[in-house]
1. Are any residues in segment 268-284 modelled with pLDDT of 95 or more and open to solvent by 60 Å² or more (accessible area, probe 1.4 Å), and if so, which ones?
2. Condition test on V292, is it within 25 Å of the chain's Cα centre (by Cα), surrounded by 15 or more Cβ atoms within 10 Å (Cβ to Cβ) and not small (G, A, S)?
3. Scan segment 18-33 residue by residue and report those that are of a type in the set (A, V, I, L, M, F, W, C) and either touching a Gly at 6+ places or on another chain (Cβ under 6 Å) or open to solvent by less than 30 Å² (accessible area, probe 1.4 Å) (or both).
4. Going through segment 312-334 one residue at a time, which ones are open to solvent by less than 20 Å² (accessible area, probe 1.4 Å) and out of contact with any Lys or Arg (no Cβ under 9 Å at 6 or more places or on another chain)?
5. Would you confirm, using the coordinates I've provided, whether Q140 is in a helix (DSSP H, G or I) and either within 16 Å of the ligand (Cβ to nearest atom) or more than 17 Å from the chain's Cα centre (by Cα) (or both)?
6. Need pairs with beta-carbon distance below 7 Å; first residue β-branched (V, I, T) and within segment 226-238, second open to solvent by less than 30 Å² (accessible area, probe 1.4 Å); sequence gap 6+ or separate chains.
7. Need the failing condition index for M105 against (1) within 30 Å of D193 (Cβ to Cβ); (2) more than 31 Å from the chain's Cα centre (by Cα); (3) hydrophobic (A, V, I, L, M, F, W, C), just the number.
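The values are calculated or read from the model by the stated rules, or taken from the named source; none is laboratory data. Bear in mind that the values here come from a model prediction, so they are computed numbers and not experimental data. Glycine also receives a Cβ, built like all others from the backbone with ideal geometry; neighbour counts cover every protein chain displayed. When the accessible area is computed, the model is the full protein with side chains, heavy atoms only, and any ligands, DNA or RNA have been set aside. Shrake-Rupley method; radii C 1.70, N 1.55, O 1.52, S 1.80 Å.
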Amino acid sequence: MGIVFDGISKVFPDGTAALHGLDLAFDTGEFIVLLGPSGSGKTTACRVLAGLEHPTGGRILVDGKDVTDLPPRFRGMGMVFQNYALYSHKSVYENIAYPLRVRKMAGTEIDRSVRNMADLLQIGRYLARKPSQLSGGQAQRVAVARALVWQPDICLMDEPLSNLDALLRLHMRTELKRLHRELKKTFVFVTHDQEEAMTLATRVAVLRDGRLVQFDEPKTVYRRPASRFVAEFMGRPAMNTFEGMLYAGMFRAGDIACAAPGIPDGPVVLGIRPEQVEIVDSSAADAVRFEVDVMELVEPDVLVFVRSGTSSMIVRTPNDDRTFAHGEPLFLRFPPAALHAFDAVTGARLT
Ligand code: ATP
């Protein structure tokens, strides 16, 4: 039981192809995040699932039933969009109650459901207010409450946190996680923010140019990215990558040389996450010499930007109050187990 995008394509009337045969299947009760850069087709995928766009190819299945031609109101999906519009003339209470009134629910039932949902989202105090009297985060929570109050089986959220400041985003993130746990419904969440994806998703679907490039648990997407694109997209700062040559277990790119066992000979892109680079003594056998460019504090860590010839990279290390002066030599080690190798032409993961 679950949701299936079965070869979904979408070509808009102006000829723009937004999705190319998207295949994606997930289970009821999951928290799926559609992640990708701007224009990768996330919103289109979400709108096709909602029934707001008709695909030009493929089918949408919900619990085994083909809903491709079913209008949105028969799909049992709640929606929250980036530019959610609350009814400005209605109170918060009436905004949340609206989907229940449309469904002709009894008054006492409506009251119970609205108050339950408001409690869950901690907006019970604001029920009498008008939307104009709310902060951005409170208004956002009202939009979420309105989308979920009628207990849809599936809740679709398209960048619902993007209008909020950083602190509120964090707070709402936690609330959404809690809400998902308590309601046990299927959540489909669109974002281009990889941190949001990492923290919220049971599984992340990474899209690029209208195609699915990886679908896995967040930690797998981070630890075993399927391609160079995913490797550089997941993680801040991004994974360091070097274009070079591999020969007999040794990788070389300009002045950099390091052991990279188990990777086939030939041109390759080698990657390592900033937090996995080790700072070592100049005498270490496998030390690679770099020069410090700048350092940035991101407590409790420090980011050290280093160079070697034309190559540059970032090292992330716990801040132990050591200073890294511009021009100072820094010896680094790339533990073989931390290396990722990608095809130099296609970017696909090699090992
Ligand atoms: P963003 O993060 O910027 O919202 P996205 O990943 O959600 O991007 P979509 O909005 O799905 O991407 O758009 C995918 C592609 O389809 C883009 O090239 C976009 O310009 C195009 N597109 C979206 N809607 C239409 C439309 N109505 N007509 C023509 N092209 C469209």
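1. Hits for segment 268-284 are E275, Q276, E278.
2. It is false that V292 is within 25 Å of the chain's Cα centre (by Cα), surrounded by 15 or more Cβ atoms within 10 Å (Cβ to Cβ) and not small (G, A, S).
3. If the condition is that a residue be of a type in the set (A, V, I, L, M, F, W, C) and either touching a Gly at 6+ places or on another chain (Cβ under 6 Å) or open to solvent by less than 30 Å² (accessible area, probe 1.4 Å) (or both), then A18, L19, L22, L24, F26, F31, I32, V33 are the ones that fit.
4. If the condition is that a residue be open to solvent by less than 20 Å² (accessible area, probe 1.4 Å) and out of contact with any Lys or Arg (no Cβ under 9 Å at 6 or more places or on another chain), then V315, F324, F334 are the ones that fit.
5. In short, yes.
6. That search, which allows pairs on different chains as well, returns V230/V206; V230/Q214; V230/V221.
7. (1)
Residues are listed down the side, and each one gets a yes or a no for (1) in contact (Cβ under 8 Å) with a residue 60 or more places away in the chain; (2) open to solvent by 10 Å² or more (accessible area, probe 1.4 Å); (3) away from the ligand (no atom under 16 Å from the Cβ):
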{"position": "V4", "(1), (2), (3)": "no, yes, yes"}
{"position": "L35", "(1), (2), (3)": "yes, no, no"}
{"position": "T43", "(1), (2), (3)": "yes, yes, no"}
{"position": "L61", "(1), (2), (3)": "no, yes, yes"}
{"position": "D66", "(1), (2), (3)": "no, yes, yes"}
{"position": "G76", "(1), (2), (3)": "yes, yes, yes"}
{"position": "I96", "(1), (2), (3)": "no, no, yes"}
